[in-house]
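Engineer: If you scroll down you'll find the structure; I have some questions about it.
The values are calculated or read from the model by the stated rules, or taken from the named source; none is laboratory data. Owing to the predicted nature of the structure, the values given are computational and were not obtained by experimental measurement. A quick note on method: Cβ atoms are made from the backbone with ideal geometry, for glycine too, and the neighbour counts reach across all protein chains shown. Note: areas computed on protein heavy atoms with side chains; ligands, DNA, RNA excluded. Shrake-Rupley method; radii C 1.70, N 1.55, O 1.52, S 1.80 Å.
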Amino acid sequence: MTTNHNQRSTSSSNNTPPGGGLDSEQPPPIDGRGRFHRFFSTALKKLGLLLACVLLAGLGLTLGWYSFTNIEKMRQLERTPEIPNASIITGEVNLSGTVVKDKELLRSPRTNTNTVYYRYTIEAEKRDSDGSTSWERVHTSSDLVDFILMDSTGGILVSATDPGVEIDAPRSFRERDGSRRYTEYRIDARSEVFILGYAQETPEGYQVGFLEPGNYDPIISAGTEYELRHSRTIISGVMIALGVGALLFSVFFLLRLFPVHHSALYLSMATVVVVVALSFQSFSMMASDLNRADQSAVRTLEEGERVINEVLERNDVAPPDTFEELGSFDDADYAKMSSRERQRASGVRLMMARSVQRTNDNLSRFPEKVVGPMIGIHPLDPIDVTEEEQAQIEELEADYSPVRLDFRYGLGAILVGILGLIFGTKAGLGKIGVKRTIENVPTSPTDGAVYGLTELKGKAERVDLKPCYTSPLSHINCVYYRYKVEKKKPFGNRNRTWRTIRDESKVMPFYCRDHAGRMLIKPEGAECVAARRIRERKGRRRYTEWTIAEYDDVYALGSATINPDDHEELVLTDEDEETPFIITSLSEGELMQKKAAAGFMHLNFGIVASMMAAMGLAGMVVTFGPMLYVTTAAISCSYLFVVLVFLYYNDLVFLRERVERNWSNIDVALKKRFDLIQHLAEMVQDYMVHERQLQRDVTEARRARHTAVTSSPDNVEVAAEERVRNQILATVEDYPELKSREVVAELMRALSDVENDIALMRQGYNDSVERYNTRIAHFPEILVAYVANFQKTLHLHSTKSEAERRPVPIEDLNSTDSETSPTVSEASSTVKT
């Protein structure tokens, strides 16, 4: 343990730098205009934070709604089974087949191809000043005509009168002509498509349109139904992850607005955001899906029963009393019906059975089976079908598969999520760890600094006779500056961002002066953060300067070590790479806010990454629906819980280690006190003997000096005693005129210094114990302390051993009997007891 003794004697005005100290060299005081400028800047910053908070919250809700819309469209496709054209009834239908010409076809603008649909785009090539090229769309046109959708059971007219229908057409043609690019997307005759629309009965028969209201979103797609459902699943997952991320950053700016830097509050709010967002998405999806599925199934049952009764009446077949008594349409009771009519009646009943089966299957899954009864949705009675029809249902449903993430997309999401999770968590915990270190380390006066992690506050003061730096932009004396020059690309460039062309930093050793003295700071390797920033712009160049001026208030956190230049005083350096080394002109609170903000931002990325990994993993196992969101919320909340426990555990470990370090310092100080007393007592005795018997003792001392056994170089205590004895012998020989009263005065000063050191360390130990005991008694730290077995530590009270508590009387120095002096181990064990 080493204390900063020598700094107490340097607090006089004689140590101020040349030029008068606090004079014209310091930055000019802030006048009324400066205070107004500061107030205006602060208000503008607060307004910007509020605006960012509101905009990100709105963006998060918008992305969540967009995700919900896409997943709802995907679920619409899932709950609407594909049916043949012959089984169509009024309502939402899912059809697949081949496109056939109805009356006339369109001509595509560029290739003059016969088609039922085209979308034509013209793009112009743009080149910026850097030579980069991009395509800008200058023209878009599209058109659609009615067509026949043909399958194995017949054809049906598709009316294309709704301009809002979603059409997914493949790119059929692309050509470049000079600086123009021409592209056609087409659905030609004989193309395979699937359609989600609304079927209506007309005098000419059934036709499919897209204008009637219902539980569907109109689609004409040249891809497969599964491909469309899968693409919407991916879009929905990405949108909900981005939406939750936007909400998390909204919380981040909200905490900066007030400002708040408490990690537990941030993690609690982040947990609430994740749980509420995903739970709301999941519950809304379930409620909407269950209601729409129930409405569609009920409407299908009613319409199907009506159509079957019409078919029976049209063929003079008496309908049974109940729908369940229909039986097989191949029975003799239905011999009057043509095979086409029997096929249609059977197809309609088949569609009714499949609709009820899908609705009930959806309602039987978790968590739908819990939420369904809560909102009044119950399973429907199954439709009685023949064994042949049941076999057809099983064959058709075997071709249907709920959407799960493709292995490639799922694995990609997991890998990206894990990498983002590692980066965000490591960086975030590192920043928050520094912030919590600042929070847990008390400020030491310069004359009370001890070896190890130390926190100082004071004013920056140049080292004697060494000139300060002059900042390039503001031309003030400073101990640190950073100067950056940026250049913006000219107009016409696609990416007009600022490009750094010069970025330099300079920092010099300086003193941190407070009310108790001063302490040297060697800032090599330190993270320097300046509160003062000046920015100017001239033309396309921007100049920015950050400075810590002489006499600025500074905060420093680093390792206090022995000054290698004189080995007598402590300096603040970057000796311990595991501890932070920070020098800033921000206040301690502002620095904690800055570190917390950086940590929260990185943890936001970690949370979003954990959601991506969770969605990738769960999306390959469970269907993309409410269960996926519940699983993702659970995994993300578990991640936040682990982060919170990790922070609290590390805090308690740090505080416990600090208590043990402070106790070790006291133990070393006690040993030093007894060693010093012993050495000085011997020195006083040597002086007194010298005054009585000068010549004889000099000769004896010289002989003893040459015959003494050399101590081991790795035995620090023995080597120190030998050095002290050698110095005393040399002093007695060279300065025989020294008087005993001078030695006694030196002894008193040394004893006073050691006693003051012990008092300061005792106070530091008790402060660390108080902070540690307080933290393990608070909630939720008390839970972590109980599980990890963190025990309460006792304070050092006045009931200590007399040998350690009482200053040693001067008269006892003349006694060299080791039996009358308590040993260090005895004093230390007494203090510990």
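Engineer: Provide the net charge surrounding GLU439, with neighbours chosen by a C-beta distance below 11 Å and charges set as Lys +1, Arg +1, Asp -1, Glu -1.
Structural biologist: +2
Engineer: Taking only C-alpha pairs under 8 Å that are 6+ residues apart, what is the relative contact order of the stretch 348-442 in percent?
Structural biologist: That works out to 26 percent.
Engineer: Let me ask something else about it. Accessible area, 1.4 Å probe, largest first: how do ASP333, ASP361 sort?
Structural biologist: Largest accessible area first, the residues go ASP333, ASP361.
Engineer: Could you sort 303-316, 471-484 so that the peptide with the highest average Cβ count within 10 Å comes first and the rest follow in order?
Structural biologist: 471-484, 303-316
Engineer: Within 10 Å, count the other beta carbons around each residue, average over each peptide in 544-554, 263-273, 405-415, and list them highest first.
Structural biologist: Ranked from most to least packed, the peptides come out as 544-554, 263-273, 405-415.
Engineer: Keeping every protein chain present and rolling a 1.4 Å probe, give me the accessible area per residue for the stretch 501-553 in Å².
Structural biologist: 49
Engineer: Rounded to the nearest percent, how much of the accessible area of the stretch 305-447 (1.4 Å probe, protein heavy atoms only) is carbon and sulfur?
Structural biologist: The value for the stretch 305-447 is 54 percent carbon and sulfur by accessible area.
Engineer: Can you sort TYR649, TYR765 by solvent-accessible area, 1.4 Å probe, largest first?
Structural biologist: Descending order: TYR649, TYR765.
Engineer: Just the number, please: carbon plus sulfur as a percent of the accessible area of the stretch 612-673, 1.4 Å probe, no ligands or DNA/RNA counted.
Structural biologist: After summing per-atom areas, the C and S share lands at 75 percent.
Engineer: Quick one: Kirkwood hydrodynamic radius for the stretch 127-180, alpha-carbon pairs, angstrom, one decimal?
Structural biologist: 15.7
Engineer: Order VAL622, VAL276 by their accessible area, 1.4 angstrom probe, all chains in place, largest first.
Structural biologist: Greatest to least solvent exposure: VAL276, VAL622.
Engineer: Report the accessible area of PHE423, computed with a 1.4 Å probe over the heavy atoms of all protein chains in place, in Å² rounded to the nearest 10.
Structural biologist: Taking all protein chains as shown, PHE423 has close to 120 Å².
Engineer: A further question on this structure: Enter the accessible area of LYS459 (Å², nearest 10), with the probe set to 1.4 Å and all protein chains included.
Structural biologist: Number for this one is 80 Å².
Engineer: Measure off, as a whole percent, the carbon and sulfur share of the 1.4 Å-probe accessible area of the stretch 53-203, all protein chains present.
Structural biologist: The computed percentage sits at 46.
Engineer: Any idea how far the Cα center of the stretch 236-290 sits from the one of the stretch 566-599, in Å?
Structural biologist: Each part's Cα centre sits 33 Å from the other's.
Engineer: Using modelled amide H (1.01 Å from N, peptide plane; none on Pro or chain starts), what sits under 5 Å from the amide H of ALA189, excluding residues fewer than 5 places away?
Structural biologist: Result for ALA189 returns VAL116.
Engineer: With a 1.4 Å probe and every protein chain left in place, tell me how much accessible area ARG180 has, in Å² to the nearest 10.
Structural biologist: ARG180 exposes around 100 Å² with every protein chain in place.
Engineer: Of TYR182, TYR198, SER159, which is farthest along the charge dipole of the stretch 134-205 in the positive direction, counting Lys and Arg as +1 and Asp and Glu as -1 at C-beta?
Structural biologist: Highest projection toward the positive end goes to TYR182.
Engineer: Right, another one. Hey, can you find the accessible area per residue of the stretch 71-180 for me, probe 1.4 Å, expressed in square angstrom?
Structural biologist: 48
Engineer: Order of 440-450, 44-54 by packing, highest average Cβ count within 10 Å first?
Structural biologist: The packing order, highest mean first, is 440-450, 44-54.
Engineer: Enter the accessible area per residue of the stretch 191-338 (Å², integer; probe 1.4 Å; all protein chains in place).
Structural biologist: For the stretch 191-338, the solvent-accessible area averages 44 Å² per residue.
Engineer: Follow-up. Measure out, as a whole number of angstrom, how far apart the alpha-carbon centroids of the stretch 508-548 and the stretch 97-124 sit.
Structural biologist: Distance between centres, Cα-based: 68 Å.
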